[in-house]
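Worksheet: one structure, shown below.
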Amino acid sequence: MRILAACSLGGAGHFRPMEPLLATARHQGNAVLVVGPASLQRMVEEAGYDFEPGGEPPESTIAPIRDRLAQSSPKEASILANRVLFGHHATAALLPAMERSFHEWKPTLVLREVCEYASAAIAHRTRTPVAQVAISRADVEWGSIDVASPALEQHLVGLTEVVRQTPYLTHFPESFDPSLFRYTLRFREQRPNVRPETTDRWRGSTGPKVYVTFGTVLGHMEIATAAYRMVLEAVEGLDINVVMTVGHKFDPTLLGSIPHNVQIESWVEQSELLDDADLVVCHAGSGTMLGALAAGVPLVAVPLFADQFANASQLQVMGAGVAISELDEHAMRSMDTTRLLAREIMRVLNDPRFAVSAKRLADEISEMPAPQEALQLLGRTLQNS
């Protein structure tokens, strides 16, 4: 089998959800080619996959959209992201490379992350079997298709319904994320049985360990410094040990003085931290949130844009964490917000009910099919559809 994996933009949250399936397919002897924007190349090649670089919207187009996301109403932000950025700009930029890859490589299966639409259009035209891999909750993805629809129909009449009927694979457990997609397959990311030998990220700490990350996108945004400073001021003086990642694009010297209990890193594989972490503070991006829940670690969520608000809300409903929402840059700089964040961090650490709820979700995730089972189920679904 020749599997073409398609990504829309260069963030880790768009590629990582597909990786367990791609690794399994490659282990089974299948050929894998990832097609995506050039900014994804380093991440893909470090993971060991062949990569075909495609076009992406220029930074002069992306930057204004990205900065408006954190300042817009939920409705406006959804239109900016789903219709303008992904549905229109990203799809148009990637189409030439995707056309070329289909013609030259002739895939027998396409796995596309849900925000990538160029491969969906070409796969439908060429009658190539295709499945989509979730990066967020199913209700968010379903609504995003509605919002993106005007742009999708410009690329291919009927593409909206094609995407709706495409088999949908997701990391999310059913109790957290009931799905509207007709063909929904859930799978878990297999955690390694043997932990890798790594540097002691916690510096020998015996106190509570807190992992802080706002993902790979925030570092590009104007609010980044305020968000990171908010956390630093909240944890200063708390009897906890903190590892905080800021991404490769953010300059840590902009943060000023760093509390003695905080270690700043550009990037750390979260699997190196989650087995020992007692708490995760994040923006409720799906990758970080699900990684924490799969490890049974509760969260304090500070949603900033996109699907993070819906994720954070559901996290509270499930009792596996708390959310601090509606923070603009002014609120992040407020002492009231800093004190609130500090209180919520200690509340989640000291109340065992949050950890119990996170462990319950971890148990549910552990019972979901492994990637190899999901690929087998997908094969049968595609044969019967």
Cα-projected label distance for HIS248 with ASP139, points at 7 Å along beta-carbon direction, nm
3.6
Other-chain or far-sequence residues with amide H under 5 Å of VAL34's (modelled H):
ALA5, ASP50, PHE51, GLU52
Let me have the 222 nm mean residue ellipticity of the chain computed from DSSP H runs of 4+ only, each contributing -39500 (n - 2.57), with the sum over all residues rounded to the nearest 500.
-13000 deg cm²/dmol
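Mind putting a number on the dipole of the chain about its Cα centre? Charges go on the C-beta only, +1 for Lys and Arg and -1 for Asp and Glu, and I need it in Debye to the nearest 20.
Computed charge dipole of the chain: roughly 700 debye.
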Calculate the spin-label point distance for VAL317 paired with GLU265, positioning each point 7 Å from the Cα along the beta-carbon direction, and give it in nanometres.
3.3
Fewest-first ordering of HIS89, HIS155 by Cβ atoms within 10 Å yields HIS155, HIS89
Shape verdict for the chain, please, from the Cα gyration tensor: rounded (a/c under 1.5), prolate (a/b greater than b/c) or oblate.
prolate
What nm distance separates the two modelled labels at GLU104 and GLU367, each placed 7 Å from Cα along Cα→Cβ?
4.8
Put +1 on the Cβ of every Lys and Arg and -1 on every Asp and Glu Cβ in segment 271-336; which of SER313, ALA292, VAL281 then has its Cα farthest towards the positive end of the dipole?
SER313
Amide H proximity to ILE135 below 5 Å, modelled H, separation 5+ or other chain, gives VAL114
In percent, what relative contact order does the chain have, based on Cα pairs under 8 Å that are 6 or more apart in sequence?
15
Theoretical gain in end-to-end length, SER39 to ARG333 [0.36 nm per residue, Cα-Cα removed]
102.7 nm
Over segment 209-365, what is the relative contact order in whole percent, taking alpha-carbon pairs under 8 Å and six or more residues apart?
25
Full extension between GLU76 and ASN350 adds, at 0.36 nm per residue less the Cα distance, a length in nm of 94.8 nm
Based on alpha-carbon atoms only, what is the radius of gyration of segment 133-253 relative to the globular estimate 2.2 N^0.38 Å?
1.49
Taking amide H positions as placed in the peptide plane 1.01 Å from N, state which residues far from VAL281 in sequence (5 or more) or on other chains have amide H under 5 Å from it.
TYR211, VAL212, THR213, VAL300
Note: HIS27 to THR126 extended length (0.36 nm per residue) minus current alpha-carbon separation gives 32.9 nm
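Every read-out reported here was derived from the displayed coordinates using simple, explicitly stated rules and does not represent laboratory data. The structure presented is a predicted model; accordingly, all values stated were derived computationally and were not measured. Cβ: placed from backbone, ideal geometry, glycine included. Neighbour counts: every protein chain shown.
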